[in-house]
Amino acid sequence: MESTKPSVDLVRSLTDEHVLRALMRHRRLTRAELAVEIGISKPTAGESVRRLTELGLVADTGERTPGGRGRGRVGSYYALAPTVGVALALTIAPEGVVAESVDVYGDTVTRAVRPIDRPARPSQVSSALRAAAAEAGAAGGRPARLAVVGAADPVDRATGRLVQLPDAPFLVGELDPVAVLAPYADGPVVVDNDVNWAALAERDSVGAEQLRDFAYLYLGEGLGCAIVNDGQVRRGGAGLAGEIAHVVTAGPGGRAVRFIELFEELGLRLSGSTAIDTERLLDSAAATHQTIGTAVSGVVAAVVALADPQEVVVGGSWGPALIDSIRAATARMPRQVSVRPARLTSEPVLVGVRAEALRRLRSSVTASSRPERTAGRPA
């Protein structure tokens, strides 16, 4: 009869992962504290610390607990070894490239920023990406374990390449961030659209259980939408779900117009670009705001019909400022939905990218403690 007891290797592996996660939460612990935190014996905690130290994942900090003279034995504090590495969190936007080196505790170790001209060309963005990644990653002393990227352009979900669509306001041409960043990361380079990352950051700021089905409208220099269903972003077959620029909606005088074309008709595009002039839009007359609000309501109606969101969240550089005009227009829709401004307003894209980079970094560290990952290593 086959035994149902877990193997010794599996038990050790699970214990080691619990130890690593405890150190991620508390930064430093003694073996006795680890035993209490995880609910294991002190000898078991000590053996796990020994194994993880040999793997280079845990290190003695050199700090000691008070002890001696009747106060008990002196305890050694252990922490994750500096060699567990970092992850890169990067954003590519009209404002420039931002790269952060994030450690396993979620702290930003270094931050680098590189400007980008408008309109952006792939060669210039590639150079900015390399420079920012090199500077941000320098603190680790070696390539990051992985990189996560948010880009203000459509992203091909199969390849991670940025795709130029008609009237896309940012990147003129195609860019391959995976290839550009490969020398700066030992592991995967994950790329997604900026609005998707902002939506996930919004979900987490509210609470993943409270906000599971919603649409995130990004209304800024560019136009975008993320659809979150059952807590997950829905990207579509090619990764282009939510590209709302070409949705037909109501324009001036009630005429049908593609959403992106509305801003050209209203004279609200940046000179020589399809990008929306946010400053001029915000300074425009109330009647213009009402026209834009009506157009946005047409987009919301399309999203509601197709995705049935619990609510619609409006983010971006001008969307929240026009929330009253948008709400007034959506109130006339046959199917009603709650419309509110985004709660998270400070660097929402980077917040989402950083959170995913941290999640993947921690998973990578715990996975490296498993026997199958270390089998065959030289002694």
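Conditions (1) modelled with pLDDT of 95 or more; (2) under 20 Å from residue 170 (Cα atoms), marked per residue:
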residue	(1), (2)
232	no, no
273	no, yes
286	yes, no
314	yes, no
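The residue that is modelled with the highest pLDDT, among those in the stretch 359-379 that are outside any helix (DSSP H, G or I) and not hydroxyl-bearing (Ser, Thr, Tyr), is 370. Please indicate, with yes or no, whether at least one residue in the stretch 139-150 is at pLDDT 95 or above, part of a helix (DSSP H, G or I) and either surrounded by fewer than 17 Cβ atoms within 10 Å (Cβ to Cβ) or polar (S, T, N, Q) (or both). Scanning the stretch 139-150, I find no residue that is at pLDDT 95 or above, part of a helix (DSSP H, G or I) and either surrounded by fewer than 17 Cβ atoms within 10 Å (Cβ to Cβ) or polar (S, T, N, Q) (or both), so the answer is no.
What are the residues in the stretch 27-54 that are assigned to a helix (DSSP H, G or I) and farther than 20 Å from residue 368 by Cβ, if any? Listed by number, the residues that qualify are 31, 32, 33, 35, 36, 37, 42, 43, 44, 46.
Would a scan of the stretch 69-76 turn up a residue that is under 32 Å from the mean Cα position of the chain (by Cα), surrounded by fewer than 18 Cβ atoms within 10 Å (Cβ to Cβ) and under 29 Å from residue 101 (Cβ atoms)?
Step one: of the stretch 69-76, the residues under 32 Å from the mean Cα position of the chain (by Cα) are none.
There is no residue in the stretch 69-76 that is under 32 Å from the mean Cα position of the chain (by Cα), surrounded by fewer than 18 Cβ atoms within 10 Å (Cβ to Cβ) and under 29 Å from residue 101 (Cβ atoms).
Considering the stretch 299-326 alone, what residues qualify as being charged (D, E, K, R) and open to solvent by 30 Å² or more (accessible area, probe 1.4 Å)?
Initially, the stretch 299-326 is screened for residues charged (D, E, K, R), giving 308, 311, 324.
Selection gives 308, 324.
Here is a yes/no grid of residues against (1) in contact with a Gly (Cβ under 7 Å, 6 or more places away or on another chain); (2) without any contact (Cβ under 8 Å) to a residue 24 or more places away in the chain; (3) open to solvent by 60 Å² or more (accessible area, probe 1.4 Å); (4) farther than 18 Å from residue 11 by Cα:
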| position | (1), (2), (3), (4) |
| --- | --- |
| 41 | no, yes, no, no |
| 62 | no, yes, no, yes |
| 81 | yes, no, no, yes |
| 95 | no, yes, yes, yes |
| 101 | yes, no, no, yes |
| 113 | yes, yes, yes, yes |
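This table checks each residue for (1) modelled with pLDDT of 95 or more; (2) surrounded by fewer than 18 Cβ atoms within 10 Å (Cβ to Cβ); (3) more than 24 Å from residue 215 (Cα to Cα).
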residue	(1), (2), (3)
244	no, no, no
254	no, yes, yes
259	yes, no, no
269	no, no, yes
282	yes, yes, no
289	yes, no, no
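Can you pull out the residues in the stretch 174-205 that are of a type outside the set (Gly, Ala, Ser) and in contact with a Phe, Trp or Tyr (Cβ under 7 Å, 6 or more places away or on another chain)? Passing the criteria: 195, 202. On the basis of being more than 30 Å from residue 55 (Cα to Cα), modelled with pLDDT of 95 or more and surrounded by fewer than 20 Cβ atoms within 10 Å (Cβ to Cβ), does residue 329 make the cut? No: the conditions fail for residue 329.
With respect to the conditions (1) closer than 18 Å to residue 348 by Cβ; (2) in contact (Cβ under 8 Å) with a residue 40 or more places away in the chain; (3) among the small types (Gly, Ala, Ser), residue 251 falls short on a single one, namely (1).
Within the stretch 193-215, being closer than 19 Å to residue 307 by Cα, in a helix (DSSP H, G or I), open to solvent by 10 Å² or more (accessible area, probe 1.4 Å) and among the aliphatic types (A, V, I, L, M) holds for one residue alone: 200.
The values are calculated or read from the model by the stated rules, or taken from the named source; none is laboratory data. As the structure is a computational prediction, the values presented were derived from the model and not from experiment. We place every Cβ from the backbone using ideal geometry, glycine too, and count neighbours over all the protein chains shown. These area figures cover heavy atoms from the full protein model, side chains too; ligands, DNA and RNA do not enter into them. Shrake-Rupley method; radii C 1.70, N 1.55, O 1.52, S 1.80 Å.
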